[in-house]
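The values are calculated or read from the model by the stated rules, or taken from the named source; none is laboratory data. The model shown is predicted, which means the values in this text are computed figures rather than measured ones. Reconstructed Cβ throughout: ideal geometry from the backbone, glycine too, with neighbour counts over all protein chains shown. Protein only, heavy atoms only, side chains kept; ligands, DNA and RNA dropped before computing areas. Shrake-Rupley method; radii C 1.70, N 1.55, O 1.52, S 1.80 Å.
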Amino acid sequence: MNRRTKIVAVAAAVLLTLGAGGVAVASGADGGHGNGHRTVREAAALTGTAKLYRPAGDDITFSFDAHLAARDNKDPQAATGTFRFSHYKDGKGGYAVAKVDCLTTGGKVAVVTGKVIETDVDAFRDKRVGVSVHDDGKHDRLGYSWVGRETNLEVPPCLSSAPFEKVRSGTGDFTVLPWQLEYPTE
């Protein structure tokens, strides 16, 4: 291999590594003065809160704070954080908080699962549930694993239904950070 070919190959490898690993330059404790501190972009994330569209007046809210660290890029089940959901109407209903145990994202879509760690609804107690989000600006959508008549609330990690629910106008502020999966080159 001649010298020029080696340089091009090394440059391509560096670019692939930076792109797949998600390394980005960011301001650190220098107040944004650009002293060259490098920070690693997290591998994936789902954050935000929204209420679902319900013409009958139900108050259904979902909130997410789920993250996959860069060091865990190949293990979506190492995700951390929590998500919360509640459903109230006419003073009746309940809520649940789940500890994240898996997060996958692709483009503007995220799927997160977690074990319910706090709830006032017995059916959710200690169950793994899944939620999907489509971050589409003013038209966000959401889906959840407990839809249907014969639903078993316990789902495997990383699974949920399609984001079939509409988010109430003016309430969606979901942010999905796309996962940058590393692919083998050989």
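In the stretch 87-186, which strands (runs of 3 or more DSSP E) lie fully inside it and hold 3 or more residues that are open to solvent by 20 Å² or more (accessible area, probe 1.4 Å) and over 14 Å from T49 (Cα atoms)?
Qualifying strands (runs of 3 or more DSSP E): 92-106, 109-119.
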Kindly indicate whether S132 is touching a Gly at 6+ places or on another chain (Cβ under 9 Å), modelled with pLDDT under 95 and within 17 Å of S86 (Cα to Cα). no
Consider D58 against the criteria (1) in contact (Cβ under 8 Å) with a residue 12 or more places away in the chain; (2) acidic (D, E); (3) open to solvent by 60 Å² or more (accessible area, probe 1.4 Å): it satisfies all of them except one. Which criterion is unmet? (3)
Quick check on the stretch 61-80: of everything there that is open to solvent by 30 Å² or more (accessible area, probe 1.4 Å) and part of a strand (DSSP E or B), which residue is nearest to Y95 (Cα to Cα)? S63
Within the stretch 107-115, does at least one residue satisfy the condition of being of a type in the set (G, A, S), free of Cβ contacts under 8 Å to residues at least 60 places away in the same chain and more than 24 Å from E42 (Cβ to Cβ)? no
